[in-house]
Every structure is written in structure tokens, then in C-alpha cells.
Amino acid sequence: MSITEASTAADELFARYPALRTLPAADLASLLRPQGRLQVPGGGELFAEHSPCLGFPLLLEGTIKVVKSAPNGREMLLYRVEPGGSCIITSSCLLGSSPYSARGIAETPVTLRMLPTPLFERVLGECPPFRSFVFQLFAGRIAALMQRIEEIAFQRLDQRLARLLLARATPIRSTHQALADELGSVREIVSRLLKSFADQGLVALGREQITLLDRERLQGLADAER
């Protein structure tokens, strides 16, 4: 790798993960090897349930969704990883020397670098900024997961669906199955709720497309007393 290429690769990495600026030169050079820059097409699997964890992913571009599968084939979206973020399940696997308990799927084409397990363990111990980054994201992700559990346990599905729709740019291009996976429900129930929303004039339904017609009333539904 030329000096220019190495500098460009380092800038790309530091833009997403500034905590790695304090890496020793030898470790940084190892991380920035051209063959270490991985690309996965949309829909590709990054890790599977029960598979061993081989390193800490540093996401540079794209989005990864982490899902939990049930024996009947149903899936629940646990969270998404954006560029510069961290996968809490990967972190827990590395810290606990345990296999994955969920699946990681490239929701869009992704570009990443992998911090191999031995290097992750050394950097975690020797690089305070990186250690703080990992544990701060760990704490934030746990808080988000706890909020998600609270929503599933204590909020009505129609409220959660209304909130999900309001958070998306309209028109929303998604299948009913994808929305059900994100809500931890089943397609038939979500389809029935969407039809009810359409009958009330809240949304218009098309083929894999939802257009919001009355955001104010949807917001009222989302904010209704539980």
C-alpha cells in the first residue's frame, strides 16, 4: 500500500472511529491492510446464530441489522448498526468468549474493517479512548434494548406501528413482513392494522408502499395514554 493509500484508509477509519487514532503504528498498519477492507452486498449475512465471533467489526459504510430468529421462522429486529457504531452482541461475544446469539445481516451494501480478536483484546486493555468508546456504546445499546422490551411488553401494537410509520420518510417503501419483523409481531396482524389505518384515512396503501395522509391523527394515536 502506498503512503497516499495508507493515509486515505486511515482518514476513512478515523472519520468513523476517532478513538482509534491512538493505536500504535504497527497495529494501525495491520488493521489498514487492503485485504482487511471488506465489502458485503445487501442481504448478505455477516454472522450467524451460534457461529464463533472472529473479531470486532468497524462499520465504515452501510447499515447492519441484528435479528433474533425463532424456531418457527419468525424474526425480531433487535437493533441496527450504523457507520461508526458498535454491535453489542459482538462485544459481548468477544468479552465472554461465547458464540453469537443472533444474526447480523447487511441491510444495505456495507463496507467494514474487522478488528481481529487478539488485537481487539489488546487495544481494549491498552487504549483508554477505545475502551471508553466500546463501553459507552455498550451502555447505550443496553438502554435502547430495555426501552424496546418495555415497548413490546407495555404498549399496544397499533401505537407502536403508528410511531414506526411516523419515524419514516413518506412514502414508506416496505413490506408488511418487514414492518412486522421490526415490531416483533406477525405479518397478518400488521396487515390488519394497516388496513384499519387506511379505512380511517390515516394512510394510503400501495404495493410495498405506505403513504401517510394524516400525520396529526397518527401522532395522536402514537401518544395515546396506555
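Just to check, using Stokes-Einstein with a Kirkwood Rh over alpha carbon pairs, what's the diffusion coefficient of region 20-130 at 4 °C and 1.567 mPa s in µm²/s? Before the final figure, lay out each step's value.
Values: Rh = 14.6 Å.
The Stokes-Einstein estimate is 89 µm²/s.
Excluding ligands, DNA and RNA, the accessible surface per residue across the chain is 53 Å² with a 1.4 Å probe.
For the chain, the percent of C-alpha pairs falling in each 5 Å distance bin, counted from 0 to the bin holding the largest distance, reads 1, 6, 12, 16, 16, 14, 11, 9, 7, 5, 3, 1, 0.
Just add up the charged neighbours of Cys87: K/R +1, D/E -1, any other residue whose Cβ is under 12 Å from the Cβ of Cys87. Surrounding charge for Cys87 is +3. Can you give the percent of C-alpha pairs in region 70-113 whose distance is more than 16 Å? Tail of the P(r) past 16 Å holds 48 percent of the pairs. Considering the zone a paramagnetic label at Ser92 would reach in this model (a point 7 Å from Cα along the Cα-to-Cβ line), which residues of region 106-150 have amide N under 16 Å from it? Counting only backbone N, you get 135-150.
Element breakdown for region 1-87 at a 1.4 angstrom probe: carbon and sulfur atoms account for 57% of the accessible area. When the alpha-carbon atoms of region 176-217 are used, the pair Rg, Dmax equals 10.2, 26 angstrom. Note on region 1-65: along the principal axes its Cα atoms extend 37, 22, 20 Å, ordered by decreasing extent. Each 5 Å bin from zero up to the one holding the largest Cα-Cα distance in region 100-226 carries the following percent of pairs: 2, 9, 14, 18, 15, 11, 9, 8, 7, 5, 2, 0.
Applying a 4.7 Å Cβ-Cβ cutoff to the chain, the cysteines left without a disulfide-compatible partner are Cys87, Cys127. Near the amide H of Glu61, within less than 5 Å, lie the amide hydrogens of Thr111, all on another chain or at least 5 residues away, with H placed in the peptide plane. Residue-wise HN-Hα couplings along region 110-115, as the Karplus relation 6.51 cos²θ - 1.76 cosθ + 1.60 with θ = phi - 60° gives them from phi, are 10, 10, 8, 10, 10, 8 Hz; Gly and Pro carry x. Scanning residues 5 or more positions from Ile172 or on other chains, those with amide H under 5 Å from its amide H are Ile210, Thr211, Leu212, with H placed 1.01 Å from N in the peptide plane.
Gyration tensor analysis over the Cα atoms of region 28-76 returns equivalent ellipsoid semi-axes of 27, 13, 8 Å (largest first, whole Å).
Helix-derived [θ] at 222 nm for the chain: sum -39500 (n - 2.57) over DSSP H runs of at least 4, divide by residue count, nearest 500? Intermediate results must be reported in sequence, preceding the final value.
Numbers: 9 runs with 106 residues, N = 226.
After summing the helix terms and dividing by the residues of the chain, the value is -14500 deg cm²/dmol.
The values are calculated or read from the model by the stated rules, or taken from the named source; none is laboratory data. Bear in mind the structure is a predicted one, so any value in this text is a computation, not a measurement. Quick reminder, even Gly has a Cβ in these numbers, built from the backbone with ideal geometry, and neighbours come from all protein chains shown. Areas reflect the complete protein model, heavy atoms only, side chains present, ligands, DNA and RNA absent. Shrake-Rupley method; radii C 1.70, N 1.55, O 1.52, S 1.80 Å.
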